[in-house]
Amino acid sequence: MVNSMKKIPLRTCVVSKEKLDKRELFRIVRNKDGEVFVDDTLKANGRGVYLKKDENIINKARDKKILDYHLGVKVSDEVYDELIKRL
């Protein structure tokens, strides 16, 4: 019997450590020029991290500088504001 269900790709939120369908997460990328942006395509080149689409998670990431740590650069408040606007 062939399993006709397509495998759902799971990704881990860097704040909550939950494994979620990647459609439930934002992908934030640092490219080779050091620019940090929200990746709508989920395919942009660069170092990417996933963040749950939840205002509390976004604020915790901002307060504890979790994205700064994972991306290795200072993430500006504009990135966090953009994420909250997109919720």
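The values are calculated or read from the model by the stated rules, or taken from the named source; none is laboratory data. Only a predicted model underlies this, so the values are computations on that prediction, with no experimental measurement involved. Every residue, glycine as well, gets a Cβ built from its backbone with ideal geometry; the counts of neighbours run over all protein chains shown.
Summary table
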item	result
Residue, nearest to ASP68 (Cα to Cα), within the stretch 8-24, restricted to residues that are under 11 Å from the mean Cα position of the chain (by Cα) and in a strand (DSSP E or B)	CYS13
Top-ranked residue in the stretch 47-87 [being out of contact with any Cys (no Cβ under 6 Å at 6 or more places or on another chain) and hydroxyl-bearing (Ser, Thr, Tyr); ranked as nearest to ILE28 (Cα to Cα)]	TYR80
Options ASP54, ASP77, ASP63, ASP39; residue that is in contact with a Gly (Cβ under 8 Å, 6 or more places away or on another chain) and not aromatic (Phe, Trp, Tyr)	ASP39
Residue check, ARG27 in a strand (DSSP E or B), surrounded by 15 or more Cβ atoms within 10 Å (Cβ to Cβ), touching an Asp or Glu at 6+ places or on another chain (Cβ under 7 Å) and without any contact (Cβ under 8 Å) to a residue 40 or more places away in the chain	yes
Contacts under 8 angstrom Cβ, first residue in the stretch 37-60 being at positive phi, partner surrounded by fewer than 15 Cβ atoms within 10 Å (Cβ to Cβ), 6 or more apart	LEU42/LYS22; GLY46/ASN31; GLY46/LYS32
Any hit, the stretch 71-82, residues being among the polar types (S, T, N, Q) and either part of a helix (DSSP H, G or I) or under 12 Å from the mean Cα position of the chain (by Cα) (or both)	no
Qualifying residue in the stretch 41-58 (condition: exposed (fewer than 15 other Cβ atoms within 10 Å of the Cβ) and part of a helix (DSSP H, G or I))	yes
Selected residue [surrounded by fewer than 15 Cβ atoms within 10 Å (Cβ to Cβ), on the phi < 0 side of the Ramachandran plot and modelled with pLDDT under 95] from LYS74, LYS6, LYS32	LYS6
